[in-house]
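Before any comments, here is the structure.
The values are calculated or read from the model by the stated rules, or taken from the named source; none is laboratory data. Just so it is clear, the structure is predicted and the values come from calculations on it, not from any experiment. Neighbour counts run over all protein chains shown; Cβ positions are idealised from the backbone, glycine included.
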Amino acid sequence: MKIVRLVLGDQLNSSHSWFQEKDDNILYCLFEMRQETDYITHHIQKVAGFFAAMRNFADGLIKDGHRVKYLNILAPENTHALTKNLTQQIEQFNADKFEYLLPDEYRLDKQLKDFCGTLTIENAVTDTEHFYTKREDLGVFFEGKKQFLMENFYRNMRKKHQILTVNAQPEGGQWNYDKNNRKKWKENTLVPPFKSFDNNVVIICEEIQKAGIKTIGKINPKYFEYPISREQALEQLEYFCEHLLVHFGDYQDAMHTNQIYLYHARISFAMNIKLISPKEVIAKTLATYRDPKATIEISQVEGFIRQILGWREYMRGMYWALMPNYKTLNALNNTNKLPDFYWTGNTKMNCLKNAINNSLDNSYAHHIQRLMITGNYALLTQTNPDEVDAWYLGIYADAVEWVQLPNTRGMSQFADGGKIATKPYISSGSYVHKMGNYCDSCHYNKKEKTTKDACPFNSLYWNFLDDKKEELSGNFRMGMMYSLLRKIPAEKLFEIKEKAAHIIANPNEY
Ligand SMILES: Cc1cc2nc3c(=O)[nH]c(=O)nc-3n(C[C@H](O)[C@H](O)[C@H](O)COP(=O)(O)OP(=O)(O)OC[C@H]3O[C@@H](n4cnc5c(N)ncnc54)[C@H](O)[C@@H]3O)c2cc1C
Ligand code: SF4
C-alpha cells in the first residue's frame, strides 16, 4: 500500500513511532506555505525558525532513509494551500492512503478533517506522541465542575505520573511553592550568560523576502539564536538544567532592564514544534535535581515542573474543551484598538518599552512581561481581545494558537469571564515597581495618579475597576480592590477617570 503522510511545521518529533521503520511506499510531506505565513503577521524569527527547523527535520528523515517531499516557499509546484498541495502529492505518488498527525490547532484540525471527507482513498489520523494528556482529558477531568482550577488538574497530574510525590503526597510537604517564586532580581546576583546558537538562516531570510511575506520584528540571520534541531534543543535543555534551574523559581517573576532572559529556559519554541517533549524536559529536570552533587531547592524544580506539567497541559486541554467558541469571547466587552507602539516600542512608559522592544528584537518576552506589562496594559486600556490575540499570535516564536489563545484571551484578558483565571491579572505601577527596576528610569512617576507625569497604569487601574463594576464587583477575589475603590472621594475618582480617558484616547502621546 502506498501512503502519503503529512508532517506539519510544529510536528517535528523525530522520536515518533512513524519514523522508526523505513518504507519506500511511504512519502513524508512537509510544505512551507503562504497559508501558514499569511494568516497572521508573524515575527521574522518565527517564520525563519519554523522553516529552518522544518528543513533540518526533512534532511534528517532523508538521511535516515525515508522518502520525503519538501516544498520550499519558492518551489514552482507549491500551491501554498495545504489541501491543494496534498491532492497534488497524493496524485503524483499514486497513494492508496493518506495519513496525518493530530494537529494542535483547531483551524488545521478542521481543514484536514474536511479534506479527508472529500477523499476517495483511505485516511487515518495518529497522535503526535508529544503531550502527557490527550486532547479530551481535561474536559473529562473537569466534567460537571463549576471551576476549572489549574491547581486541581496539576496535583492530579503529579499524582498520576508520580512526579515529585511520595505515596501520592507532595515531596517536600507542599504541592506548590509559588510564594517562593516572587523575588526581585538585584544586580549583585550573577546570571550565567544565555545559551544561544549561531544558526545561519541567511538563505531562508532571503527566500522569505523574495516570496514577499510580510513580517514584523528584527533578526540577525547569521546568528539565529533559537534551537532549530533536536540536538540543539537538547543542548539548550542541558544548559538550563546545569546553570539556570538553580534560581528558576526565585526569579521567575522578576524583571530588569539589563536582563532579557534571567533564569528562564527559553525552551518553548523547541517544545512547541516538538523537537523535544515535555516528558524529556521533566525527566532531565528531575535527574538534575536528584543528582547527589546538585544543591537545587525543591521550590526551583517544582516551579519549573508546574509550568510544563501544569500550565502547558492545562492550557492545551482548555483550548480543546472550549474551542471554537472560545476565540470569540469578549466577556468585558472591550473594544479599543491596540496602540501603535506595540509594533514599534515607541513609548515613554519604560516597562512597555522594554517588554515590547524585547519582543520585537528577540521574538521573546518572559511570562510576567507578557502577563503583567503588555497584557496588563492592553486590559486596562480595554482593548478588543481580537487585537490582543493577533499581536501575541504574531510576535512570539513560540506562539501557536492552542497555547497562545487561552493564555491571552483567558489568563491575560479575562475575556472568558473567568474560566482560566479566577480574577483579572491587572495592576497599577506598584506591582511593576515591586518586581523590577523599570520604574527607576521611567519618564513617569510610579506614585502619582493624575499629575502630568503620573504613571499611566495608576489612573487606568482605578478607571478599569470603576468601568467594569458590573462585571467584576461580585467576584469574591476582587472584594478588597472594590472596597478600596469605594474609599476614593468622588472628585478624585472623576480626576482619575479624566486622566485615564485621555490616555486611552491618545495612547501614542504616552
Ligand atoms: C499573554 C500570554 C501569552 C502567551 N503566549 C504563549 C505562546 O504563544 N506560546 C507559549 O508557549 N507560551 C505562551 N505563554 C506562556 C509563557 O509566557 C511562555 O511559555 C514562556 O514565556 C516561554 O519562555 P520560556 O521557555 O523561557 O519559559 P520558562 O519561564 O522557562 O517556562 C518553562 C516552560 O513552561 C511552559 N509554560 C510556562 N508558562 C506557561 C503558560 N502559561 N502556558 C503554557 N506553557 C507555559 C512553557 O513551555 C515554557 O517553555 C503566554 C503567556 C501569556 C501571559
Ligand atoms: S512608572 Fe509606570 S509606566 Fe513607568 S515603568 Fe513604572 S509602571 Fe511602567
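Of a type in the set (Asp, Glu) and touching a strand residue (DSSP E or B) at 6+ places or on another chain (Cβ under 8 Å): which single residue out of Asp127, Asp178, Asp109, Asp137 fits that description?
Asp127
Looking at (1) closer than 17 Å to Asn354 by Cα; (2) modelled with pLDDT under 95; (3) not aromatic (Phe, Trp, Tyr), which one does Ser473 not meet, given that it meets all the others?
All conditions pass for Ser473, except number (1).
For the range 414-442, what are the residues that are part of a helix (DSSP H, G or I), among the hydroxyl-bearing types (Ser, Thr, Tyr) and within 15 Å of ligand 1 (Cβ to nearest atom)?
If the condition is that a residue be part of a helix (DSSP H, G or I), among the hydroxyl-bearing types (Ser, Thr, Tyr) and within 15 Å of ligand 1 (Cβ to nearest atom), then Tyr431 is the only one that fits.
Out of (1) surrounded by fewer than 22 Cβ atoms within 10 Å (Cβ to Cβ); (2) without any contact (Cβ under 8 Å) to a residue 60 or more places away in the chain; (3) under 21 Å from Glu498 (Cα atoms), what's the single condition that is false for Asp467?
All conditions pass for Asp467, except number (2).
Considering (1) assigned by TED's automatic domain parsing to the domain that holds Gly173; (2) surrounded by fewer than 18 Cβ atoms within 10 Å (Cβ to Cβ); (3) within 30 Å of Ile219 (Cβ to Cβ), say which one Lys293 fails and leave the rest.
(3)
Out of the range 354-377, which residues are farther than 24 Å from Gly9 by Cβ, more than 9 Å from ligand 1 (Cβ to nearest atom) and of a type outside the set (Phe, Trp, Tyr)?
Asn354, Ala355, Ile356, Asn357, Asn358, Ile373, Asn376
Residue under question is Lys218, and the condition is that it be surrounded by 12 or more Cβ atoms within 10 Å (Cβ to Cβ), modelled with pLDDT under 95 and under 27 Å from Ala397 (Cβ atoms); does it hold?
No; evaluated as a whole, the condition is false for this residue.
Please note which helices (runs of 4 or more DSSP H) are completely contained in the range 207-284 and include at least 3 residues that are in contact (Cβ under 8 Å) with a residue 60 or more places away in the chain.
Qualifying helices (runs of 4 or more DSSP H): 268-272.
Out of the residues in the range 374-413 that are in a helix (DSSP H, G or I) and in contact with a strand residue (DSSP E or B) (Cβ under 6 Å, 6 or more places away or on another chain), which is farthest from ligand 2 (Cβ to nearest atom)?
Taking the candidates together, the pick is Gly394.
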